Amino acid sequence: MNLTFCKKIALGTVALMLGACGDINNSWEAKGGGYIKYEINDDGPYTIELDKDDVEPPFYVNNSHRYFYFCTRTAESERGDQISLMVNTPKTGTALTPVARASLNGRLQYVTWLRVKSTMESPLISDSSTIKFDEIINDSLWTADLDLYFKDCRAGKCIDSLPPLHLTGRLRYWVPADER
């Protein structure tokens, strides 16, 4: 009886260990994705998860562009926040200014903006904003500090006399293991 009891405990322990390891293949490193942890005007911290399809790193899969772009999904934010950001030719160790506007389909549009609590998009104030990548590992891991300023458009229109929205935070993104 003592031996049978020990076998059951041993088998139970092995099953628990295997179950705990089962999530390894579901991690960001394996399936791709990441997160943004941020504060707005020192309010927070908040987190928005990034799906692998929310981000376009340079030279990723079938593209040949030199920019790093992401756009979060409102559904991933408890508050209804959304962030869109583009930076040209990212490199480590340098404070880079994000791209505020770009020509999309022949029309100049804002590509870096912030939406707070499902309000209208607040455009980037580019002369004050930076993103600094501290890790870019073989085009598979991207880590950066965000220090971004946006016009305050929470009232349904942008009001230049209001202080800007200041977003500070951390970005972390992994390219899916099978696409490296």
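The values are calculated or read from the model by the stated rules, or taken from the named source; none is laboratory data. Everything numeric here is computed off the predicted structure, so don't read it as measured data. When we count neighbours, we look across all protein chains shown, and the Cβ atoms used for this are built from the backbone with ideal geometry, even at glycine. Surface areas here come from the heavy atoms of the whole protein model, side chains and all, with no ligands, DNA or RNA. Shrake-Rupley method; radii C 1.70, N 1.55, O 1.52, S 1.80 Å.
Assorted remarks:
- Among the conditions (1) closer than 20 Å to GLU56 by Cα; (2) part of a loop (DSSP other than H, G, I, E, B); (3) among the acidic types (Asp, Glu), the only one that ASP134 does not satisfy is (2).
- Looking across the range 102-131, the residues that are outside any loop (DSSP other than H, G, I, E, B) and either open to solvent by 70 Å² or more (accessible area, probe 1.4 Å) or without any contact (Cβ under 8 Å) to a residue 40 or more places away in the chain (or both) come down to ALA102, SER103, LEU104, ARG107, LEU108, GLN109, TYR110, TRP113, PRO123, LEU124, THR130.
- Any hit, the range 85-94, residues being farther than 15 Å from GLU56 by Cα and of a type in the set (A, V, I, L, M): no
- Some residue of the range 76-88 being over 17 Å from the mean Cα position of the chain (by Cα), open to solvent by less than 60 Å² (accessible area, probe 1.4 Å), within 17 Å of ASN41 (Cβ to Cβ) and not acidic (Asp, Glu): no
- Hey, PRO90 modelled with pLDDT of 90 or more, of a type outside the set (Lys, Arg) and not in a strand (DSSP E or B) or not: yes
- Count of the range 125-159 residues, restricted to those that are among the aliphatic types (A, V, I, L, M) and either at positive phi or out of contact with any strand residue (DSSP E or B) (no Cβ under 6 Å at 6 or more places or on another chain) (or both), is 3.
Residue-wise test of (1) touching a strand residue (DSSP E or B) at 6+ places or on another chain (Cβ under 6 Å); (2) charged (D, E, K, R); (3) assigned to a strand (DSSP E or B).
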residue: GLU49; (1), (2), (3): yes, yes, yes
residue: ASP53; (1), (2), (3): no, yes, no
residue: HIS65; (1), (2), (3): no, no, no
residue: MET86; (1), (2), (3): yes, no, yes
residue: PRO98; (1), (2), (3): yes, no, no
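- Checking each residue in the range 137-170 for being within 16 Å of PRO57 (Cβ to Cβ) and among the polar types (S, T, N, Q) picks out ASN138, SER140, THR143.
- Filtered residue count, the range 160-177, keeping only those that are part of a loop (DSSP other than H, G, I, E, B) and open to solvent by less than 50 Å² (accessible area, probe 1.4 Å): 2
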